[in-house]
1. For the range A:120-137, does any single residue satisfy the condition of being within 19 Å of B:LEU190 (Cα to Cα) and in contact (Cβ under 8 Å) with a residue 24 or more places away in the chain?
2. Could you list, in sequence order, all residues of the range A:160-194 that are over 15 Å from A:ASP87 (Cα atoms), without any contact (Cβ under 8 Å) to a residue 12 or more places away in the chain and in a helix (DSSP H, G or I)?
3. Pairs needed: first member in the range A:142-157, crowded, with 18+ Cβ neighbours inside 10 Å and at pLDDT 95 or above; second member anywhere, assigned to a loop (DSSP other than H, G, I, E, B) and among the β-branched types (Val, Ile, Thr); C-beta distance under 8 Å; at least 6 residues apart or different chains.
4. Mind listing whichever residues of the range B:165-183 are farther than 10 Å from B:ILE100 by Cα and hydroxyl-bearing (Ser, Thr, Tyr)?
5. As an exercise: evaluate B:ILE104 against (1) surrounded by fewer than 16 Cβ atoms within 10 Å (Cβ to Cβ); (2) in a loop (DSSP other than H, G, I, E, B); (3) of a type outside the set (Phe, Trp, Tyr) and give the number of the one condition it does not meet.
6. Of all the residues that make up the range B:144-166, how many are facing chain A (nearest Cβ under 8 Å) and basic (Lys, Arg)?
7. As an exercise: evaluate B:SER117 against (1) of a type in the set (Ser, Thr, Tyr); (2) closer than 27 Å to B:SER58 by Cα; (3) more than 10 Å from chain A (Cβ to nearest Cβ) and give the number of the one condition it does not meet.
8. Tell me whether the range B:156-169 contains one or more residues that are aromatic (Phe, Trp, Tyr) and touching a Ser or Thr at 6+ places or on another chain (Cβ under 7 Å).
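The values are calculated or read from the model by the stated rules, or taken from the named source; none is laboratory data. In this text, all values refer to a predicted model and were calculated from it rather than measured experimentally. Cβ: placed from backbone, ideal geometry, glycine included. Neighbour counts: every protein chain shown.
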There are 2 protein chains.
Amino acid sequence: MTSDRVLENQQSAKGRVLRVAASLFRERGFARTTVRDIAAEVGILSGSLFHHFPNKESILAQLMEELILLVEDAMERQLAGKREPRDRLRVLVACELQAIHGEIGTGFSILVTEWRSLSPASQAHILALRDRYEQRWLDCLKNLKAAGGLSAEPSLARHFIRGAAMETWHWYKPDGPFTLASLADQLVDLVVHP
Amino acid sequence: MTSDRVLENQQSAKGRVLRVAASLFRERGFARTTVRDIAAEVGILSGSLFHHFPNKESILAQLMEELILLVEDAMERQLAGKREPRDRLRVLVACELQAIHGEIGTGFSILVTEWRSLSPASQAHILALRDRYEQRWLDCLKNLKAAGGLSAEPSLARHFIRGAAMETWHWYKPDGPFTLASLADQLVDLVVHP
DNA sequence: CAATACCAAGCAAGCGCTTGGTTGACAATA
DNA sequence: TATTGTCAACCAAGCGCTTGCTTGGTATTG
C-alpha cells in the first residue's frame, strides 16, 4: 500500500503532480480543485494524470502520507541533542508551524481541512500515520508534565496547541510583525509554566 | 441586502431549509453537499429550493449571517451585569464554544471552514459582520490587558483562542471527560495571568 | 523493441439551475 | 354564502455544463 516517496523529487513526474496538487488543494480545497486544474498547472492534459494515479483521491492520499513523513523527518533531525522537555516541545511547535506555512513540503493544513475528502479506506491508512505523529506530541507533553512544566492535561494541551497552530494559517503573513520562530516561542510560553 | 432572520423560525420554510443546510454543510462541507441532498432532507424537490433562494451560495451566505447575529445576541445577553474583564472574556469564550457545538444555532464552524466557498461579493458582506464580531473580542482583550490580566498582544491572544476553540470541533464529544463550561474555564486560565 | 509518458477525443454521471404548470389556503367580491 | 382572484409553495421534467475518468493511439527514450 505504501508507495515510494516522490514529493521532493524534482525530476519525478509524480512528484511534480503532488507539489502542484498540494498548492491547489491548499488554495481552493480538494473539492473545488479539478483534475483539469492540476493537469493544466503541471502542463499536461487531464487524462494523463491517470497514468500516474488511479484516481483523484489517491493524489490527496499520497500527498497526506508524504507530508506526515516529511514533518516527522524534520522533527527527528531538530530534536537531536535536545534533552530538556521544554526545548523538545519548542521543536515540535516550530516544526508544525513550518509545515503549515509551507517551509516543510507544502500544505500540511490539508491534513486537517481535507480529512473528510478521503474515502474510509484511505482514511484508515493515513490515520495510522497520524496516530504515530500525535503520539510524539503526547510523549513530549507527558514528559513535560512529569517534569512539572505543564498544568493542563497533555491531550488537552495538544488540542489547544494544534488549534492555535493551524489557525495561524488563516492570518499569519511572513511579512507581518511576527516570525514563525517568535510565534513558536509565544505558544510555548502560553502553555508551559514559568 | 440584509434579509429577515428566519433561521430560528420553526414555521418558516426558509428557516427549515437553513437548518437542514447548516447541518449538512457542517457534516460534509459546502462543496460536497448538493442541492438535491438539502431538498431531500427538507422533503421537497431540488428545484423548489430556488423558490426560496436565488442560488446555492446564497443559502450559505444567509446562514453565515444569521449565525453571527445569533451568537452576538447570546453574548450580549450573557454579558449583562458582568464588569470584571476576566468574567467578560469567559462569557465570550463560552458563547463561542456553544456556537461551535451547535448549542447556539447550528454550524458556527462553517464560518471558518467554508469561508472560501463564498463569492467575493458575499464575502464582503459577511466580512463586515465578522469584523464587528471580532471587534468585541479585541475590545474585551484590550480591557483585560489594561487591567494587567494579559501579557500577550490582544490580537495574538484572540488568534490563539479562536484556533483552540475551533479545533474543539474536531475532537470534543459531549459525553467525554469535559464539559464545554470546563473547557471555557481552562482556556481562560491558559491565556489570563493568575 | 519494449516501456514510459503523454495526447486527442469523448463518455457517463452528476451538478446547479430553469421552466411551465399545479395545488391549496385565504381574502375579496357579489 | 358562493364565487372569484391571488399568491406562496411546490412538482415534473429536463437543459446545459462540468466533473472524474476511459480509451486508443503516438511520440520519445534507452
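1. Within the range A:120-137 (the criterion being within 19 Å of B:LEU190 (Cα to Cα) and in contact (Cβ under 8 Å) with a residue 24 or more places away in the chain), the answer is yes, since at least one residue qualifies.
2. A:GLY163, A:GLU167, A:HIS170, A:TRP171
3. As it stands, the answer is A:LEU144/A:VAL192, since those pairs meet every condition given.
4. B:TYR172, B:THR179, B:SER182
5. Looking at each condition in turn, B:ILE104 falls short on (1).
6. Qualifying residue count for the region: 1.
7. Evaluating B:SER117 over (1) of a type in the set (Ser, Thr, Tyr); (2) closer than 27 Å to B:SER58 by Cα; (3) more than 10 Å from chain A (Cβ to nearest Cβ) leaves (3) as the failure.
8. Yes, because at least one residue in the range B:156-169 is aromatic (Phe, Trp, Tyr) and touching a Ser or Thr at 6+ places or on another chain (Cβ under 7 Å).
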